Structure formats: structure tokens, C-alpha cells
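What follows draws every value from the coordinates through simple rules; no lab data is involved. This one's a predicted model, so the numbers in the text were calculated from it and none came from an experiment. With ideal geometry, Cβ positions are generated from the backbone for all residues, glycine too; neighbour counts draw on all protein chains shown.
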Amino acid sequence: MSSTTGPSSAAEPSEDGPRSFYEAVGGAATFETITKAFYAEVAEDPLLRPMYTHDLDEAELHLRLFLQQYWGGPRTYSENRGHPRLRMRHVPFVIGPPERDAWLRCMRAGVDAVEPGVMDEAHRQELWAYLEMAAQSLMNAP
């Protein structure tokens, strides 16, 4: 698993099903649902909202494109922004346990916004495991 492509992005096509996580969970529409619901929560969060000095629309687009690429979708994120460099992009922010937990609360709302018929439990668990790992790895404060 690299920071630019996720675990299923290089999977071989299959005649009996989708070839990537991205396709299996509904593609672009699913990641748009997740990120829109996530940022609706961020907009109301007293810890996270102050970290965004600009309109949340741009941040939502960046996160959506990153997640789409990571999970096997189009490489639009890297084509427009280069390597994700997640740790470097988050260094300016103090991210300790309270910020991590707030981010995960907001992201839980995003993941939960996806209908069960669109994303099955196995894919939800795989996505959530990644999100927890990512949130933990970006912590830079006690």
C-alpha cells in the first residue's frame, strides 16, 4: 500500500465483479457523498473548523480526489497537485488526540452517509481501518 494508491487499485479486472475498491463501492458518487457529509460536520466542529482559513469547498475537492485516487479511481489528484505528501501538508496544524478524534467523528458521519446497498460491510471496514491509520499517522502533538 503506497500513499498514492490504495490496496485494491492495482487489482486485475475480473469477469465476475469490479476490479477495484473504487468501482466496488460506487465510484465517484460514493466518495462525493463521504466528503460532502464529512465537511458538513467539519463546518460545525469547534476544533477542526478553525484549521481551514479558506472556503471548505476546495478542501472537500482535494480530499475527494485524494480518496478516489487512493482507492483505485482516477489519478486526478496527483495530476493536479503532485504527490499527496500527507504528513508535510498537515505539519502546520497541531494534531493531537482531540483533533484526531474530532476528525474521525466527522469522517464517521461521512462514511455512514453512504447507503448500505452502495458499500457493503467488508468495504466499510477496510475503508475505516485505513482512515483510522491515516488519522493516527498524522498526529504531531501529544
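Here are some notes:
- Two-site FRET efficiency, L61 against R87, from Cβ-Cβ distance with R₀ of 25 Å, rounded to 0.05: 0.75
- Note on R19 and A113: with the Förster distance fixed at 35 Å, the Cβ-Cβ geometry gives a FRET efficiency of about 0.90.
- For the stretch 21-137, a Kirkwood hydrodynamic radius built from all Cα pairs, placed in the Stokes-Einstein relation at 4 °C and 1.567 mPa s, yields a translational diffusion coefficient of 89 µm²/s.
- Helical contribution to [θ] at 222 nm, DSSP H n ≥ 4, -39,500 (n - 2.57), averaged over the chain, rounded to 500: -16500 deg cm²/dmol
- Packing order of peptides 41-52, 115-126, highest average first: 41-52, 115-126 (average count of other Cβ atoms within 10 Å over each peptide's residues).
- Sequence-distant contacts, meaning Cα pairs under 8 Å at least 6 residues apart, place the relative contact order of the stretch 21-137 at 42 percent.
- Between the stretch 88-136 and the stretch 27-87, the C-alpha centres lie 11 angstrom from each other.
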